[in-house]
1. If you scan the stretch 44-103, which residues turn out to be of a type in the set (Lys, Arg), out of contact with any helix residue (DSSP H, G or I) (no Cβ under 8 Å at 6 or more places or on another chain) and in a strand (DSSP E or B)?
2. Considering the stretch 172-228 alone, what residues qualify as being at pLDDT 95 or above and of a type in the set (Asp, Glu)?
3. So which of 198, 216 ends up being over 18 Å from the mean Cα position of the chain (by Cα), within 28 Å of residue 125 (Cβ to Cβ) and either free of Cβ contacts under 8 Å to residues at least 12 places away in the same chain or surrounded by fewer than 23 Cβ atoms within 10 Å (Cβ to Cβ) (or both)?
4. Within the stretch 5-36, can you find the residues that are charged (D, E, K, R) and either out of contact with any Ser or Thr (no Cβ under 7 Å at 6 or more places or on another chain) or at pLDDT below 95 (or both)?
5. Mind checking whether some residue in the stretch 40-51 is touching a residue at least 40 places away in the same chain (Cβ under 8 Å) and not assigned by TED's automatic domain parsing to the domain that holds residue 231?
6. Name the single residue, out of those in the stretch 108-158 being closer than 12 Å to residue 180 by Cα and polar (S, T, N, Q), that is nearest to the chain's Cα centre (by Cα).
7. Quick check, is residue 240 surrounded by fewer than 21 Cβ atoms within 10 Å (Cβ to Cβ) and not small (Gly, Ala, Ser)?
8. Scan the strands (runs of 3 or more DSSP E) fully inside the stretch 183-229 and keep the ones with 1 or more residues being in contact with an Asp or Glu (Cβ under 9 Å, 6 or more places away or on another chain) and more than 18 Å from residue 104 (Cβ to Cβ).
Amino acid sequence: MLIRLGYDIQFEIPAAVPMVAMLNVHPSRVHDLIEPDELLTEPKLEVSNYVDGYGNRCARFVAPQGNLRLSSSALIRDSGEPDAVNLSAREPSVADLPHEMLCYLLSSRYCEVDRFSNIAFELFGYLEPGWGRVQAICDWVHNKVAFNYQQARPTKTALDVFTERVGVCRDFQHLAITLCRALNIPARYATGYLGDIGVPSRLPMDFSAWFEVYLGDRWWTFDARNNQPRIGRVLMATGRDASDVAITTSFGQANLTHFFVVTDEEDSPGGRTI
């Protein structure tokens, strides 16, 4: 299948400010692009691109005073298959993990692993290690936490979510990630496009969050908010938690005035742009 991806994000800039945007499709999906996935700026700015320490593509620029528009429209080919499932995937021992996986066992800004050791073992320690235990964590978070946009706040951590039992998609993932790490299962935060393909529409669209778990010798997709295999995920970035994959970071004031995201299935190239 073909999926139209795009966004239109606008800011009011009181004074010139350096910014970093993480809005490109992840390098692992670049080979699927049919149209270029490039950040467009209005006014036109000099943009430099780099790959960060987690393998994400980033764009760096200085936004001048006034109005700033960031936009893009691209077409990507997708398998049309739902997220892969492997019930036999096993948890590797910590001693056998590659060095670069160890950071995904530790506490991070939104994931207080040290506060969850007893909680995680009480809830899930009796379960057979492997895919089933990670799925049990997803089931528990999905059933215990209510989704509510009005309860979103940028400082909410996994412990807050566990206590309050309400949040948005990133909060579901932070809690599930933390429970996995507390059981010595490497888990990382992921963000990207996830349209309502094959499920009832829940417009307006937004970027989405899910998480990935290292089982066997690869990363697998899990989603504590939706808790079902979905069609058409397009990864943008991964990191320890949401702090590593912010869509935009401004080193000074930048006031958001408009936000629009599109993820639509298309029958053929040449569909609508934004």
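1. Result: 60, 69.
2. Passing the criteria: 212, 223.
3. 216
4. Passing the criteria: 29, 32, 35.
5. No, the stretch 40-51 contains no residue that is touching a residue at least 40 places away in the same chain (Cβ under 8 Å) and not assigned by TED's automatic domain parsing to the domain that holds residue 231.
6. It comes out as 135.
7. no
8. The strands (runs of 3 or more DSSP E) meeting that bar are 208-215.
The values are calculated or read from the model by the stated rules, or taken from the named source; none is laboratory data. Worth saying up front: this structure is predicted, and the values here are computed from it rather than measured. No Cβ is skipped: glycine too gets one built from the backbone with ideal geometry, and neighbour counts run over all protein chains shown.
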